[in-house]
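Down below is the structure, laid out as structure tokens.
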Amino acid sequence: MTQESKKNRVTRRKFIKGLIAAVVSFEIIYVLYGLVGKKRPNLMNKNLFNAGKVSSFENDKIYPFGSGLFYLFKYSDGGFLAISIKCTHLGCMVQFDSKNQGFMCPCHSSKFNKYGEVLSPPATRALDIFPITIEKGEILVDNEHPIQRNIFKPSQLTYI
Amino acid sequence: MINKERKPTAIERFLLHIHPNKIDAEAIKFTKTFGLGGISALLFVLLAISGILLRFTYVPTPESAYDSIIFLQEKILFGRLLRNIHHFSATIMVVTSFLHLIRTYYSQSLYFERSKNWIYGLLLMFLVLFSNFTGYLLPWDQLAYWAVTIMTNMLEYIPIMGDLLANMFRGGDMVNGVTLLNFYNLHTGVLPLFFVFFMSMHFWLVRKAKGVIVSESTEKEMVSVFPNLVVKEIMLALIVLAAIFLLSIFIDAPLLDKASITISPNPSKAPWYFMGVQELLLHIHPVFAVFVIPVAMLSLFFYLPYFKYSKVNIGVWFNSKIGKSLTIISVLFSFIFTLIVILISEYIIDFSSWVPKLPLLISTGLFPVLIFLIPTAGFLYYWYKVKNTGFVETVMSLVTIIITSYIVMMAVGVWFRGEGMNLIF
């Protein structure tokens with residue numbers, strides 16, 4: 001056996017050392033991820049956002065919910081869409097421009113239409129939407145779980 | 001006057017341990033290193049002291065962070081000065097450690113026994129930037145909040161693990177109280193600890209490599225470190241301290257309105273040292289700007305000492321006369337070329353509407369990259385093949401082009417981008 005291959009051979013000792021190092025690092029990463037990455041319940045608002053009665057919204061109109069970080073859009077056929085105000089480019093807050101009937105990001109001037117689809121870059125993806133549930137005629141928006149999408153589809157709307 | 005009879009005290013001897021007893025007279029010339037590494041180390045000490053003091057008043061919660069800084073500045077004697085010192089030391093540390101990095105590179109001090117220290121140096125540079133960035137959020141004003149929002153959202157563009165990584169740092173999908181707590185702990189606990197370890201390794205490896213690099217041709221004249229080098233070090237340290245105190249007395253660290261999560265300022269910018277990446281993002285598809293290009297650049301920098309070079313003149317600035325001229329030409333080339341590409345990309349190129357059928361990754365990603373890459377490759381090919389410049393010099397030219405290009409993009413991003421990130425002159 002040459003000197004070189006002896007040096008590179010995996011001995012039992014090397015194998016066990018490596019194994020221990022791997023297990024320990026995995027454990028550290030696992031624990032760290034649990035500490036750093038998880039949302040802490042006491043700091044998070046767990047409740048769904050109540051946007052109010054279904055009957056109080058008109059068709060084909062957009063309603064801002066600044067504190068809930070979304071715009072509620074009622075489609076012409078009565079379906080609801082909760083559009084996140086977080087720009088998909090770099091996370092700034094978009095504003096609804098009623099003159100152009102679309103959203104605009106103040107940071108890097110991405111433009112979106114009223115369904116949240118990209119009209120002009122740098123954004124590459126349509127604005128995220130939030131799941132809506134309707135209970136006893138009230139609209140509840142789950143504004144902690146954004147859904148990513150590329151284009152608007154009627155299937156994204158929620159009906160009574 | 002230095003009393004040569006006096007014996008150093010125990011603590012002085014301990015501090016002197018960092019140096020050998022005798023040192024080559026050539027190595028302690030100021031222009032050999034410009035004292036940049038030393039200044040960075042001094043700034044670390046200054047930052048540690050001022051940082052520990054700041055911790056006495058700072059409250060890391062979204063409700064109180066901003067108010068605690070107002071309180072520090074207005075109610076506490078020298079509170080504002082203390083914050084200014086911390087701010088300017090941190091900002092200047094980014095500059096000095098970067099200059100130290102390029103000084104090491106251009107004076108050819110990263111090969112053979114120093115290659116490992118080059119890696120430690122790069123890790124320290126990363127620590128400087130990461131510390132600076134985590135500290136950026138702590139004032140919890142509009143500047144801090146949106147800069148960190150933008151930076152963490154850049155992470156999301158990393159393929160596969162981007163979302164995971166960004167959400168881990170933020171502790172959610174928005175910058176919030178969890179983010180502040182994470183950043184606070186990283187900034188005041190984890191990163192300083194890493195700093196101490198990596199700095200110790202860095203210094204020790206310099207000693208192991210027999211101190212500051214000296215080109216082989218020079219004749220050696222050994223002088224004693226105490227007082228020859230120590231006096232110079234103390235003098236430089238005092239000048240740096242005086243400069244930082246003066247700056248901190250006359251200029252205040254920025255503090256805008258308290259962070260508001262519903263109002264994004266126009267424009268919103270990343271911290272200045274990351275503006276090059278944000279500028280790149282305006283021109284190139286995010287996967288390239290945030291992932292492919294940075295990873296390629298980082299790999300190049302880490303691999304720099306390990307290329308198979310033929311003629312390395314260790315300790316000689318720019319390796320040779322040709323190296324020096326080529327470096328200057330590369331700076332000019334990269335400066336002008338980058339500006340031209342920025343202007344073309346801003347006003348003329350619109351690949352996504354010219355070739356709408358191609359995927360965005362190719363039309364807005366690969367094409368702009370090629371626009372930069374092909375002329376650069378041509379430039380390097382011309383020098384390497386036609387002019388027969390050495391391999392060391394050609395790699396140096398590539399590194400120079402990359403560094404200059406980043407600085408140009410950073411400068412454009414910081415000074416020439418106004419509302420809606422449009423170019424302003």
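What does the structure give for B:266-273 when I average, per residue, the other chain Cβ atoms found within 10 Å of the residue Cβ?
3
Where in region B:206-236 does the amide nitrogen come within less than 14 Å of the point 7 Å from the Cα of B:K22, taken along Cα to Cβ?
Residues B:220-226 qualify, since their backbone N sits under 14 Å from the label point.
Which translational diffusion coefficient, to the nearest whole µm²/s, is obtained for region B:182-331 from the Stokes-Einstein equation, given a Kirkwood hydrodynamic radius over C-alpha pairs, 25 °C and 0.890 mPa s?
Translational D for this selection: 113 µm²/s.
Write down, largest first, the equivalent ellipsoid semi-axes of chain B in whole Å, where each equals the square root of 5 times an eigenvalue of the alpha-carbon gyration tensor.
Equivalent ellipsoid of chain B: 37, 33, 17 Å, largest first.
Gain in length, B:L256 to B:I329, computed as 0.36 nm per residue apart minus the alpha-carbon separation, to one decimal in nm?
Contour length minus the Cα-Cα distance gives 22.1 nm.
Among A:S25, A:S98, A:S110, which one moves the most in a GNM of chain A with springs linking Cα atoms closer than 10 Å?
A:S25
Return the average number of partner chain Cβ atoms within 10 angstrom of each residue Cβ along peptide A:90-100.
Partner-chain Cβ atoms within 10 Å, mean over residues of A:90-100: 5.
Mind checking which of A:I62, A:T11, A:Q101 is farthest towards the positive end of chain A's charge dipole, using Cβ charges of +1 (Lys, Arg) and -1 (Asp, Glu) about the Cα centre?
A:T11
Can you tell which of A:F26, A:F49, A:F80 shows the greatest fluctuation in a Gaussian network model of chain A with Cα springs below 10 Å?
Residue with maximal mean-square fluctuation among A:F26, A:F49, A:F80: A:F26.
Pairs A:K61/B:K258; B:K22/B:K324; B:K208/B:K321; A:K86/A:K136; B:K311/B:K385; B:K116/B:K385: which exceed 24 Å Cα-Cα?
Check vs 24 Å cut-off fails for A:K61/B:K258; B:K22/B:K324; B:K208/B:K321; A:K86/A:K136; B:K116/B:K385.
May I ask you to list the trypsin sites (Lys or Arg not before Pro) in region B:148-214 that are in a DSSP loop and have at most 14 other Cβ atoms within 10 Å of their Cβ?
Passing sites in region B:148-214 are B:K210.
Using helices alone, what [θ] at 222 nm do you get for chain B, with -39,500 (n - 2.57) per DSSP H run of 4 or more residues, divided over all residues and rounded to the nearest 500?
That calculation yields -20000 deg cm²/dmol at 222 nm.
Quote the charge dipole size of the protein assembly as shown about the Cα centre in Debye, to the nearest 20; the model charges only the Cβ of Lys and Arg (+1) and of Asp and Glu (-1).
Using Cβ point charges on Lys, Arg, Asp and Glu, the protein assembly as shown gives about 2200 debye.
Can you tell which of A:G52, A:Y33, A:S84 lies farthest toward the positive end of the dipole of chain A, using +1 and -1 charges on the Cβ of basic and acidic side chains (Lys, Arg; Asp, Glu)?
Going by the Cα projections, it comes out as A:Y33.
Roughly how big is region B:11-265's charge dipole about its Cα centre, with Cβ charges of +1 (Lys, Arg) and -1 (Asp, Glu), in debye to the nearest 20?
Around 720 debye, computed over region B:11-265.
Can you give me the C-alpha center-to-center distance between region A:61-78 and region B:191-213, rounded to a whole angstrom?
Here the two parts' Cα centres lie 57 Å apart.
So, how do all the Cα-to-Cα distances of region B:144-186 break down into 5 Å bins, in percent, from 0 on up?
Taking every Cα pair in region B:144-186, the percentages come to 5, 28, 33, 24, 8, 2.
For region A:46-97, what value does the Rg/Rh ratio take when both radii are computed over Cα atoms and Rh is the Kirkwood radius, given to two decimals?
That ratio equals 0.99.
Quick one: dipole size for chain B, taken about the Cα centre, charges +1 on Lys/Arg Cβ and -1 on Asp/Glu Cβ, in debye to the nearest 20.
1500
Rounded to the nearest 0.05, what FRET efficiency do A:Y30 and B:F130 give with R0 = 22 Å and r taken as the Cβ-Cβ distance? Could you check?
0.50
So what's Rg/Rh here for region B:13-81, counting alpha carbon atoms and using the Kirkwood radius for Rh?
Dividing the radius of gyration by the Kirkwood radius yields 1.25.
Going by C-beta contacts inside 10 Å, put B:E74, B:E12, B:E393 in order with the fewest on the left.
Lowest to highest Cβ neighbour count: B:E74, B:E12, B:E393.
Enter the Cα centre distance for the pair region B:18-85 and region B:144-177, rounded to the nearest angstrom.
Their Cα centres are 28 Å away from one another.
Considering only B:P368, B:G323, B:I293, whose Cα is most displaced toward the positive end of the charge dipole of region B:270-425, charges sitting on Cβ of Lys, Arg (+1) and Asp, Glu (-1)?
Working it through, the farthest residue towards the positive pole turns out to be B:G323.
Report, for chain A, the % of DSSP beta bridges that are antiparallel, rounded to 5.
100
Kirkwood hydrodynamic radius, computed over distinct alpha-carbon pairs, for region B:263-338: how many Å, to one decimal?
15.7
Report, in cubic angstrom per residue, the convex hull volume of the C-alpha atoms of the protein assembly as shown.
In the protein assembly as shown, the Cα convex hull volume per residue is 233 Å³.
Take peptide B:156-164, look around each residue's Cβ out to 10 angstrom, count Cβ atoms belonging to other protein chains, and average those counts.
Going residue by residue through B:156-164 and averaging, the value is 1.
In the Gaussian network model of chain B, springs joining C-alpha atoms below 10 Å, which of B:S200, B:S115, B:S310 carries the largest mean-square fluctuation?
With Cα springs under 10 Å in chain B, the top fluctuation among B:S200, B:S115, B:S310 is at B:S310.
Taking 37 °C and 0.692 mPa s as the conditions, I'd like the Stokes-Einstein D for region B:270-425 in µm²/s, using the Kirkwood hydrodynamic radius from alpha carbon pairs.
Here the translational diffusion coefficient equals 195 µm²/s.
So what is the diffusion coefficient of chain A in µm² per second by Stokes-Einstein at 4 °C and 1.567 mPa s, using a Kirkwood Rh over Cα pairs?
Answer, rounded: 68 µm²/s.
Sum -39500 (n - 2.57) across every DSSP H segment of at least 4 residues in chain A, then divide by the residue count to get the 222 nm mean residue ellipticity, nearest 500.
Using -39500 (n - 2.57) per qualifying helix, the result is -6500 deg cm²/dmol.
Values in this text are rule-based calculations from the coordinates and carry no lab data. Just so it is clear, the structure is predicted and the values come from calculations on it, not from any experiment. Glycine also receives a Cβ, built like all others from the backbone with ideal geometry; neighbour counts cover every protein chain displayed.
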